[in-house]
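Just below is one structure, and these are the notes that go with it.
The values are calculated or read from the model by the stated rules, or taken from the named source; none is laboratory data. No experiment lies behind these values; they were computed from the predicted model shown. Backbone-built Cβ (ideal geometry, glycine too); neighbour counts: all protein chains shown. Surface accessibility is based on the protein's heavy atoms, side chains included, excluding ligands, DNA and RNA. Shrake-Rupley method; radii C 1.70, N 1.55, O 1.52, S 1.80 Å.
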Amino acid sequence: MKNTGFSASSKDSQPSVWNALDYVTPDFYEKLREDHPGLMRIREVVRLTGRSRTSIYMDSIRRRFPRSLKIGIQSVAWRAADIYAWIESRPYA
């Protein structure tokens, strides 16, 4: 059996999805939604975050990155505001 990194106890303690409001204030998130309406495809998310496609998809599964939205049969996109909120939630170097 493949180890997915989740155990029953750790899975229960994780949120069901990544939530921007866990990392930024509601007012700040609303401003992000006004400044960055719409959706982003994977290329734009990779360009903005500097992360690989694989790490984006894997962290989304692990609830460490915003969840994508299905926009077609084989197409997904992310809310632009969620990506900018994720970027703001990262610690400074």
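Over the C-alpha trace of the range 26-93, radius of gyration and Dmax come out as 11.9, 39 angstrom.
Placing +1 on the Cβ of every Lys and Arg and -1 on the Cβ of every Asp and Glu, with nothing else charged, gives the range 15-93 a dipole about its Cα centre of roughly 500 debye.
Using a probe of 1.4 Å, the accessible surface attributed to residue 65 totals some 0 Å² when neighbouring protein chains are kept in position.
Please give the per residue accessible area of the range 31-93, computed with a probe of 1.4 Å over protein heavy atoms only, in Å².
Spelled out: the 1.4 Å probe surface of the range 31-93, per residue, equals 69 Å².
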